Amino acid sequence: MVDVRDAAKALAGAGRVVVFTGAGISAESGVPTFRDALTGLWERFDAQALATPQAFEDDPDLVWGWYEWRRSLALRVRPNPGHEAVAAIERHAPHTVVITQNVDDLHEQAGSTAPIHLHGSLFTPRCAACSGPAEPSRQPEPEEGRRLAPPRCGHCGGPVRPGVVWFGEALPVEPLESAVQAATECDVLLTIGTSGLVYPAADIPVVAARFGATVIQVNPQPTPLDEVAAINLPGTAATVLPALVEAAWPPS
Ligand SMILES: [Zn+2]
């Protein structure tokens, strides 16, 4: 496992670290990805087609019900050793910035302090009309799902929408700017469980490499980022990351 040792050395010697995560690390905790078939009420729908502004406009009850079902599911899952290893990296390397494409809160649950959510969050609904913040529900949803009318905004009465970035929407400006800045300034960028296919998020590791960072990739399958990564560690986050952390900062 020469690659793990090389990666550990780069990680332990880095002044600034960026950890960039995608759907793979959440899938290991049981969060379905957009490639998984939908079940229950949403069986006959395509996830990519539901995650659009058009779908919400056409049938708000269907789309809001789906996101409430996903929020309810996210409340039931727990962080895995991959998320815990990311939080451990933050403790060992205090200038670490965690950037995630995931809309669950598994990094926060594992102890990450302020992960940047590039694609928003299931727990930050907002008004579709005035963008004012709305209170996320903590209620569980029925397992088979249900249609649900979106709540009304307390300021303007507009429909509340999920606080996520839909296909066809721009990424939120502040998180994207913070992420790009962190990528330009880091010494090591770890890209974990991401296909490298969803833009502009997929550019983050490319930017880091262009600005001189060592890019380390953890993914079970080959991705377009293989060529960007100086070190490729094949495997899942939950298996590879704990070993990498232990090699970088051996327990004394
Ligand atoms: Zn409003």
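Only the coordinates and a few stated rules stand behind these numbers; no lab work does. Please read all numbers here as calculations on a predicted model, not as lab measurements. Here the Cβ positions follow ideal geometry from the backbone for every residue, glycine too, while neighbour counts run over all protein chains shown.
Observations on the model:
- For the stretch 13-129, averaging the sequence separation of C-alpha pairs within contact (under 8 Å, six or more residues apart) and dividing by the residue count gives a relative contact order of 32 percent.
- Projected label points at residue 9 and residue 95, each 7 Å from Cα along the beta carbon direction, are separated by 2.1 nanometres.
- The stretch 70-145: projected area of the alpha-carbon convex hull, averaged over directions, in nm²: 6.2
- Relative to its Kirkwood radius, the Cα radius of gyration of the stretch 1-133 gives an Rg/Rh of 1.05.
- Remark: 19, 103 ranked as 103, 19, counting other beta-carbon atoms within 10 Å and listing the fewest first.
- For the stretch 22-73, the C-alpha radius of gyration divided by 2.2 N^0.38 Å, with N the number of residues, is 1.15.
- Annotation: amide H-H contacts under 5 Å for residue 190 (H modelled 1.01 Å from N, sequence separation of 5 or more, or interchain): 18, 19, 20, 216.
- Cα centroids of the stretch 60-82 and the stretch 123-201: 13 Å apart.
- Diffusion coefficient, µm² s⁻¹, Stokes-Einstein with Kirkwood Rh over alpha-carbon pairs of the stretch 80-214 at 4 °C and 1.567 mPa s: 78
- For the stretch 119-124, 3J(HN,Hα) computed residue by residue from phi via the Karplus equation (6.51, -1.76, 1.60; θ = phi - 60°) reads 10, x, 8, 5, 10, 10 Hz, glycine and proline entered as x.
- Volume of the convex hull of the chain (Cα atoms only), normalised per residue: 122 Å³.
- Each of 56, 20, 34 has some number of other Cβ atoms within 10 Å of its Cβ, and from fewest to most they run 34, 56, 20.
- The amide H of residue 127, built 1.01 Å from its N in the peptide plane, has 132, 134, 161 as neighbours under 5 Å, considering only residues 5 or more places off or on other chains.
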